[in-house]
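Below is one structure, written out as structure tokens; the observations come after it.
The values are calculated or read from the model by the stated rules, or taken from the named source; none is laboratory data. A quick note: this is a predicted structure, and the numbers were derived from the prediction, not measured. Reconstructed Cβ throughout: ideal geometry from the backbone, glycine too, with neighbour counts over all protein chains shown. Quick note on the areas: whole protein, heavy atoms, side chains included, nothing else; ligands and nucleic acids left out. Shrake-Rupley method; radii C 1.70, N 1.55, O 1.52, S 1.80 Å.
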Amino acid sequence: MPDHDVVAKRVEINGIVQGVGFRPFVYALARRYGLTGDVANTSSGVVIHIEGSSRNIGSFLEDLEKNHPPLARITKILHFPEKCLSPAAFSISDSQPPARFATFISPDVAVCEDCRRELFDPVDRRFRYPFINCTNCGPRYTIIDDIPYDRPGTSMKDFVMCPACQAEYDDPANRRFHAQPNACAACGPSLRLLDNAGKDLEAPDPVNEAARRLKAGHIVAVKGLGGFHLVVDAANNEAVKRLRTRKHREEKPFALMAGDMAAIEAFAHVAPEEARLLNSFKRPIVLLRKQEGHGLSPRVSPKNRYFGTMLPYTPLHYLLFAHGFEALVMTSGNRSEEPIAIDNTDALHRLSPIADYFLVHNRDIYLPCDDSIVRHAKGAVRLIRRARGYVPAPVFLKYRSPPVLACGAALKNTICLTREDNAFISQHIGDLENPAAYDFFCSTIDRMTHMLGISPRIIACDQHPDYLSTRYAEEQQSLPKVHVQHHHAHIASVMAENQIDGPVIGLAFDGAGLGTDNTIWGGEVLMADLCSFSRMAHFTALPMPGGAAAIKAPWRMAVSYLFDAFGEEMFDLGLPLFTAVDVKKIQVVVEMAKKRINSPLTSSLGRLFDGVSAICGVRYVAAFEGQAAMELEMAARQEAAGGYDGEWMDAGTIDIPTGPIIRQVVGDMTKGISPAVISQKFHMTLIRLFSRICGDIRRETGVNTAALSGGVFQNTTLLSGMIDSLENKGFDVFSNSLVPVNDGGISLGQAMVAAAAAGK
Ligand code: ZN
Ligand code: ZN
Ligand code: FE
């Protein structure tokens with residue numbers, strides 16, 4: 001039946017719609033609904049001319065919004081009536097966007113369903129090909145060397161497509177139309193299995209051979225998307241133990257990969273929102289509660305309630321899991337805190353003392369990118385490490401910003417670049433404490449400014465003069481600098497990602513950041529907007545005996561708090577600490593604190609957690625930063641009620657003494673009350689205390705918005721409790737979700753403060 005109701009529309013779409021398979025998607029959709037017209041890239045997105053029945057155009061528009069390719073992100077979609085041009089068919093116009101407009105670059109993406117089906121289809125020409133990909137999936141960010149994003153600008157430049165691959169690449173209706181990493185076994189990258197001397201084992205099927213060796217308990221370094229993993233069978237306790245010994249990583253949890261959701265559910269609880277995270281194309285490591293009686297090695301994640309778990313995200317991973325592993329340990333291929341290895345030669349050099357075999361390939365990785373780590377807490381995704389899958393997708397800002405380069409903090413460093421109303425935060429770079437990490441930091445700045453076409457006009461950094469990131473900023477002599485206080489940056493990161501102006505009451509709880517009075521802050525209540533802040537309340541600063549040494553030795557902080565609360569009488573309290581640690585050492589630490597020798601003052605809540613952890617006998621010495629605090633949280637028994645109380649709780653002081661809390665913790669210890677109950681009471685105390693303080697500040701100032709940030713909020717008991725308590729009091733409460741609450745989010749906050757300063 002002829003359709004009399006033919007209309008035409010012009011559809012303008014803004015957002016991440018280029019290089020993500022958007023035009024082939026529009027083409028297929030138009031054909032499905034029998035529509036004619038064309039689609040073209042523009043400087044700001046995509047424009048479509050569409051003709052057909054208004055009902056079919058309606059369905060087309062609905063699908064456009066709802067079912068677009070996973071990598072696309074539509075920020076705005078407008079449509080207007082147009083004159084009918086009666087084109088014969090629907091076509092993709094080959095126009096490229098003007099070069100002066102830098103577009104968005106897609107993150108690396110997990111292998112899609114279509115490719116996975118082909119991977120295991122014996123009649124498909126890419127059957128078992130470990131580098132199968134299409135416009136909807138595969139490597140992006142880590143293989144790009146230059147813009148514009150097309151094949152010569154990627155590490156695929158040395159692979160010349162065979163005629164079959166080229167035909168797919170050139171066909172607008174094909175899933176691989178302009179898929180830059182398109183390849184097959186005839187023309188693309190390939191795998192090799194090496195021993196740890198670098199000798200090629202010439203295995204006919206390197207994946208099968210690697211799987212066989214993993215089954216036998218060997219450690220295999222596997223080259224992935226953003227770098228090498230060190231891999232062992234997670235069910236093999238001896239193998240996991242060997243990996244811990246060789247990697248010198250005694251306790252920090254290892255990440256896991258399992259073949260599918262059913263395999264994960266055998267060792268962890270998975271809530272529906274966690275399943276969505278696991279399955280998303282970003283394929284992050286998701287923190288999942290352990291299942292009782294799981295069959296994995298207890299050494300994977302000792303003294304922790306969680307398994308960090310991910311699903312396979314490359315074809316190679318799927319091929320490995322076809323061999324039926326319950327789960328594989330997949331930990332970053334590095335030595336201690338160095339950046340992850342990406343180059344075959346470098347990996348052999350650095351990882352041969354750890355790995356027995358190397359499963360390598362010849363597609364270069366240009367930029368290391370670790371696995372992202374996330375959890376679901378208090379109704380939102382919480383990023384712990386933002387990297388693969390998330391980077392370099394921007395955080396969308398409320399205002400346009402001048403081009404700023406923000407250099408981040410010292411630990412868990414990231415950098416941030418702004419362009420108009422976008423903030424591009426780099427992948428997790430790591431702790432800027434060794435030359436390799438600093439090189440990675442510098443090369444990330446170079447690559448990101450180049451790729452995104454950003455020439456910074458302002459540079460932002462921390463106020464700490466000794467951070468390598470601050471020193472880098474100081475060296476950029478041609479650029480004006482903005483030094484941003486660490487906790488102001490934490491709070492600004494919350495304001496930026498939630499697009500709020502402030503003022504806000506900011507709770508900035510973390511391990512350490514230099515304060516404006518030259519003490520180390522970290523338990524701060526700020527009144528802040530993007531331009532400025534004032535310090536409204538904080539813990540009384542106490543000595544941190546040995547400075548950084550106290551971070552690795554929480555018992556030192558315990559001694560400092562105890563000495564403050566009890567003086568010399570602390571030795572008579574009968575605490576387990578005084579038998580666990582050599583009393584002579586404790587005496588030395590007391591002297592250091594008393595005479596303020598190498599004992600900077602700190603108001604850090606992270607250190608208070610450490611101290612209470614050691615007072616309760618949970619942990620005296622930490623293998624990694626925050627371990628004592630984390631184990632104190634893990635110890636907390638949710639059903640225990642109440643907290644510590646007293647006049648001090650309502651005293652209204654801006655200088656909060658720790659003594660009353662410490663004395664009540666010790667009181668409970670001497671009564672034989674379990675650390676589980678003490679920990680819960682300690683958490684409840686902090687929640688009540690800071691809610692009360694926020695309430696007081698609101699009475700004085702009328703500000704009803706609270707912003708929560710800082711690494712201590714990785715503690716979900718505290719985060720959830722604090723949000724509940726403040727919301728019950730009627731506060732609007734915001735925290736981080738798009739960037740980490742820890743120092744990984746600092747660069748975003750720095751950039752926002754610098755942009756606000758420039759706009760004043
Ligand atoms: Zn695909
Ligand atoms: Zn090919
Ligand atoms: Fe911090």
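Data table
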| item | result |
| --- | --- |
| Distance (nanometres) between label positions extended 7 Å along Cα→Cβ at L78 and R55 | 3.1 nm |
| Alpha-carbon Rg/Rh ratio, for the chain, with Rh computed the Kirkwood way | 1.00 |
| Net lengthening on full extension, S86/D439 (0.36 nm per residue, minus Cα-Cα) | 121.4 nm |
| Of L214, G21, M752, farthest towards positive along the dipole that unit charges on Lys, Arg, Asp, Glu beta carbons give the chain | L214 |
| Qualifying GluC sites (Glu not before Pro) for region 290-376 [loop in DSSP, other Cβ within 10 Å: at most 10] | E292 |
| Region 336-392: relative contact order as a whole-number percent, Cα under 8 Å and 6+ apart | 28 percent |
| Nonlocal amide H pairs with A537, under 5 Å, H built at 1.01 Å | V525 |
| Considering only the chain, percent of DSSP beta bridges that pair antiparallel, nearest 5 | 75 percent |
| Accessible area of region 244-285 belonging to carbon and sulfur atoms, whole % at 1.4 Å probe | 52 percent |
| Spatial separation of Cα centroids for region 724-760 and region 218-253, in angstrom | 36 Å |
| Cα-based helix-to-principal-axis angle, 237-247 vs the chain, degrees rounded to 10 | 80 degrees |
| Backbone HN-Hα couplings from phi across region 649-655 [Karplus 6.51/-1.76/1.60, Hz, Gly and Pro as x] | 4, 10, 5, x, 6, 8, 10 |
| Rounded FRET efficiency, nearest 0.05, which uses the C-beta distance separating S478 from C187 and R0 of 30 Å | 0.10 |
| Mean Cβ neighbour count within 10 Å, used as a protection proxy, ranking 628-640, 556-568, 112-124 highest first | 556-568, 628-640, 112-124 |
| Estimated dipole of the chain in Debye, rounded to 20 [Cβ of Lys and Arg +1, of Asp and Glu -1, Cα centre] | 460 debye |
| Per residue, the convex hull volume that the Cα atoms of region 501-563 enclose (Å³) | 89 Å³ |
| Diffusion coefficient, µm² s⁻¹, Stokes-Einstein with Kirkwood Rh over alpha-carbon pairs of region 191-282 at 10 °C and 1.306 mPa s | 104 µm²/s |
| Fully extended contour minus Cα-Cα distance, from A549 to A164, at 0.36 nm per residue | 132.5 nm |
| Radius, Kirkwood style, for region 616-735 when every pair of distinct Cα atoms is counted (Å) | 15.4 Å |
| Cβ-Cβ FRET estimate between R289 and T245, R0 fixed at 25 Å, reported to 0.05 | 0.35 |
| Estimated vicinal HN-Hα couplings, Hz - region 466-477 in sequence order (Karplus 6.51, -1.76, 1.60; Gly, Pro = x) | 8, 4, 4, 5, 5, 4, 4, 4, 4, 6, 7, 5 |
| Centroid-to-centroid separation of region 540-607 and region 422-443 [C-alpha atoms, Å] | 33 Å |
| Distance between modelled label sites at V588 and K378, nm, 7 Å Cα→Cβ extension | 4.0 nm |
| Vicinal HN-Hα couplings computed from phi for region 572-584 (Karplus, 6.51 cos²θ - 1.76 cosθ + 1.60; Hz; Gly/Pro x) | 9, 7, x, 6, x, 3, 7, 9, 6, 10, 3, 4, 4 |
| Accessible area per residue, Å², the chain with all protein chains present, probe 1.4 Å | 38 Å² |
| Geometric extent, Cα atoms of region 578-658 - Rg, Dmax (angstrom) | 15.2, 42 |
| Distance between region 266-333 and region 668-707 - C-alpha centres, whole angstrom | 34 Å |
| Ranked by how many other beta carbons lie within 10 Å on average, peptides 170-177, 365-372 from highest | 365-372, 170-177 |
| Computed [θ] at 222 nm, helices only, for the chain once each DSSP H run of length n ≥ 4 contributes -39500 (n - 2.57) | -9500 deg cm²/dmol |
| All-pairs alpha carbon distance profile, region 224-344, 5 Å steps from 0, percent | 2, 11, 23, 24, 22, 13, 4, 0 |
| Cβ-derived FRET efficiency at R0 41 Å, E12 paired with M261, nearest 0.05 | 0.60 |
